[in-house]
Each structure stands twice: as structure tokens, then as C-alpha cells.
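The structure appears right after this line, and notes come after that.
Rule-based calculations on the coordinates, nothing more; no lab input. Worth saying up front: this structure is predicted, and the values here are computed from it rather than measured. Virtual Cβ from ideal backbone geometry, glycine too; neighbours counted across all protein chains shown.
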Amino acid sequence: MMKENPSYLFSRYTFGTKIGEGSFGCVWKAFDNHTGEIVAIKVLKDKVASWKDIRNLQEVKLLCEFDDPNIVQLKQAIQEDNGTLYLVFEYMDSSLGKVIRDRCDRDDYFTEFEIRNYCFQILKGLDYMHRHGCFHCDLKPDNLLVSGDVIKIADLGSAQEIRSNSPYKEYITSRWYRAPEVLLYSEYGSAIDMWAMGAILAEFYLTCPLFPGDCGYDQLYRICDVLGSPVDTSWLRESAKHYRFPQLKGISIDEIMTDVPKDAIELMAWLLSWNPNKRPTAAEALRHPFFNQCYEVQPALPCQSIGPPVALESTRGVVHAQ
């Protein structure tokens with residue numbers, strides 16, 4: 001447990017149980033003593049030296065600008081005197097990854113309504129991000145937060161600007177959801193989020209990952225084993241065209257997932273196109289017949305919270321994001 005501290009942070013919030021941990025640090029469930037709300041507080045492992053550094057953190061920068069019901073809300077960023085940064089988020093009950101694992105253990109499958117509803121909301125959040133000039137880069141079930149019928153995109157620390165000149169990296173996106181162009185060190189963009197969305201859609205039906213590779217090569221082999229080796233590699237940059245794909249015919253997706261609706265299989269196949277230029281945008285995917293029912297009756301969003309701008313707070317003062 002965290003020690004008692006007379007600072008602003010610990011007078012404002014009462015810390016409860018630890019609900020998550022990773023290379024970034026850890027996440028705690030906490031109680032806001034001023035508003036009575038339950039919140040999630042991410043404690044970053046790396047220290048920050050100045051407010052300029054805080055404002056330049058990708059996750060803070062983007063969440064201060066974003067206002068969408070399907071992207072998790074950052075309520076406050078608080079820096080303590082020792083340089084530790086605390087990010088205060090709206091609280092969500094669980095991650096989609098945990099929900100899927102729990103359902104797998106119980107042999108409890110998602111209903112068609114749940115799958116369409118959740119995927120509809122994820123794509124709406126992605127559409128918002130892409131229209132605002134950035135893509136997530138690490139879309140996976142553990143980075144999607146769930147409360148009841150509501151799902152929100154979280155963990156934007158790896159997000160990149162669509163028009164940035166950032167160097168291409170292999171180690172973006174968790175391996176099981178990593179698009180072929182990333183695995184092959186080729187050029188990539190927002191279409192990598194759409195590939196990940198295809199893998200997540202499949203996981204809703206399977207309650208286990210579609211491509212659980214052990215390494216980069218094994219990941220590509222598993223993709224070829226399901227989709228068949230690509231015939232057209234014109235989408236690869238020249239330096240990646242030397243790669244020799246394993247020659248596999250592939251398996252029809254509907255053979256892997258029985259009793260899955262035809263429109264779901266069609267959308268999955270579209271999202272999992274080898275060529276990133278042939279994958280749908282988030283807006284195009286939302287117009288697929290798979291989501292017709294979602295437009296007829298859209299679910300309520302009880303977790304939506306649109307309030308004042310994010311407060312960036314320090315023990316030395318308070319700065320409000322514009």
C-alpha cells in the first residue's frame with residue numbers, strides 16, 4: 001500500500017486496491033474525497049522534471065484535447081514534489097482482456113448484441129482519433145476498458161500522429177494484434193489499428209486470440225496459416241520485399257469460427273486484409289451491414305462524463321489545460 005502523505009494528492013484521494021501493473025507503473029482504484037466519485041489513478045514509474053515534460057507526454061497531450069464518449073477521460077494530472085506523476089482517470093469496471101479471459105474460463109460466449117455493440121463503440125472511438133490526426137498503435141483487449149454495455153479506448157501512450165515523420169518501429173502494438181507491415185518493418189499508418197480491430201473482432205467470437213504468435217516470425221506464420229500467403233506484395237516497401245513468406249493456402253475464417261454470421265466474417269476478412277490500403281477506415285467499417293442494428297437502437301452511455309478541462313496540478317500550484 002502507498003504511505004500516508006499530507007500532500008494535495010493524498011488529501012484529495014483515498015487509495016484503495018491496485019487494479020493494474022505494467023512497465024509504465026501501476027494503476028490504483030481510488031475515492032475522490034471532494035466529489036464522491038470512484039476514479040483510477042495511474043502512477044507512472046518514470047519521474048517528470050517539469051510541466052513542459054508533462055504537457056509533452058503523448059497520453060496527456062492527446063487526452064487533454066480529446067472529448068469522445070468512447071475514449072477514456074483523463075480528469076487530472078498531478079505532479080508531486082519528488083517528480084512522480086499521477087494521472088487520474090474516470091473509473092471503468094474492467095478491461096476487455098480480463099472480461100474475455102473470464103468468459104473463456106466459464107465457457108460463456110458473447111452474445112451477438114454484445115459483440116456488435118462493443119465493436120461499434122470501439123470503431124467510433126477510433127474514427128474520432130483518426131479524424132483528429134493520430135492513431136492508437138497498441139489496440140488490444142487489455143487497452144479497452146469496459147463498464148456494463150460501455151467500452152472505451154485507453155492507454156494512448158504509444159499513439160502517433162498520422163502525418164508525423166517518426167521512424168518506423170517494430171515494437172508497436174502487442175504482437176498478437178500487430179499488422180504485417182509492422183512485423184516486416186514496412187511503412188505503416190492508421191490502418192494498423194484496423195488490423196488490430198479485425199483480430200479483436202475474431203477474439204470476441206473465439207474468446208481466445210486468433211494469431212497467438214511466440215515471436216515475429218511465428219506471428220507471420222500464424223497469419224499465413226489462417227489467411228493464406230499474400231500473392232500481391234506491392235504494398236511492402238522495397239527493403240521488406242526480400243522476405244520469403246511461408247507458402248500456405250490458409251483456412252477459411254468461417255471454418256475456424258462456426259455459427260458466426262456472414263456479415264461478421266465479411267467484416268473480419270476486410271479488416272484483416274494483407275494490403276493496408278485495402279482495409280476499411282473506421283468510418284467505412286461503421287457503415288458495414290454488420291452494424292445496421294446498432295444504428296437502429298444505439299445503447300445509452302451512462303459512463304459518459306463531459307466536464308471541465310483536465311486539471312494539471314502540482315504541489316506547487318495548479319495549471320488548467322486549454
Taking the dipole about the Cα centre of the chain, with the C-beta of Lys and Arg at +1 and of Asp and Glu at -1, give me whichever of Gly16, Asn277, Thr84 is farthest to the positive side.
-> Thr84
Between Ser234 and Cys208, what is the FRET efficiency for a Förster distance of 30 Å, r being their Cβ-Cβ separation, to the nearest 0.05?
-> 0.35
Between Asn292 and Tyr8, what is the label-to-label distance in nm when each label sits 7 Å out along the Cα-to-Cβ direction?
-> 5.4
Would you be so kind as to identify which of Ser50, Ile200, Val60 lies farthest towards the positive end of the dipole of the chain, taking Lys and Arg as +1 and Asp and Glu as -1 on Cβ and the Cα centre as origin?
-> Ser50
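Taking the Cβ of each residue in Glu21, Glu114, Glu255, Glu90 as the centre, tally the other Cβ atoms inside 10 Å and list the residues starting with the fewest. Don't skip to the end; give the middle numbers.
Working: Glu21 12, Glu114 15, Glu255 9, Glu90 20.
The most exposed by this proxy come first: Glu255, Glu21, Glu114, Glu90.
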Give the angle, between 0 and 90 degrees and rounded to the nearest 10, that separates the Cα long axis of helix 96-106 from the longest principal axis of the Cα atoms of the chain.
-> 60
Using only Cα positions of the range 219-286, each an equal point scatterer, no hydration layer, compute I(q)/I(0) via Debye at q = 0.16 Å⁻¹ and quote the log10 values to two decimals.
-> -0.64
Using alpha-carbon coordinates, inclination of helix 262-271 to the longest axis of the chain, degrees | 80
Estimated [θ] at 222 nm from DSSP helical runs (n ≥ 4, -39500 (n - 2.57)) normalised by residues in the chain, nearest 500 | -9000 deg cm²/dmol
Residue of Gly133, Gly22, Gly228 that the Gaussian network model of the chain assigns the largest fluctuation, springs spanning Cα pairs under 10 Å = Gly22
Give Lys18/Lys42; Lys42/Lys152; Lys42/Lys98; Lys61/Lys98; Lys42/Lys124 a once-over and call out the pairs whose C-alpha atoms are over 20 Å from each other.
-> Lys61/Lys98; Lys42/Lys124
Comparing Ser158, Ser234, Ser273 in a Gaussian network model of the chain (Cα, 10 Å), the one with the largest mean-square fluctuation is Ser234
Determine the equivalent ellipsoid of the chain by diagonalising the alpha-carbon gyration tensor, then write out the semi-axes as square roots of 5 times the eigenvalues, largest first, rounded to whole Å.
-> 36, 23, 18
So what's the angle, to the nearest 10 degrees on a 0 to 90 scale, between helix 216-227 and the longest Cα principal axis of the chain?
-> 50
Once amide H atoms are placed 1.01 Å from N in the peptide plane, what residues at a sequence separation of 5 or more from Glu187, or on another chain, have their amide H within under 5 Å of its amide H?
-> Arg237
Kindly put Cys134, Cys26 in sequence by how many other C-beta atoms sit within 10 Å of each C-beta, fewest to most.
-> Cys26, Cys134
Starting at the first residue of the range 73-84, write each ³J(HN,Hα) from the Karplus equation 6.51 cos²θ - 1.76 cosθ + 1.60 with θ = phi - 60°, in whole Hz, x for Gly and Pro.
-> 8, 8, 8, 8, 10, 10, 10, 8, 4, 7, x, 6
For Phe113 and Thr35, extending 7 Å from Cα along the Cα-Cβ vector and measuring point to point gives, in nm, a value of 3.0
Assigning unit charges at the beta carbon (Lys, Arg +1; Asp, Glu -1) and nothing else, what dipole magnitude in debye, to the nearest 20, does the chain show about its Cα centre?
-> 800
Using only alpha carbon pairs under 8 Å that are at least six residues apart, calculate the relative contact order of the chain and give it in whole percent.
-> 17
Please arrange Leu286, Leu248 by counting, for each residue, the other beta carbons lying within 10 Å of its beta carbon, fewest first.
-> Leu248, Leu286
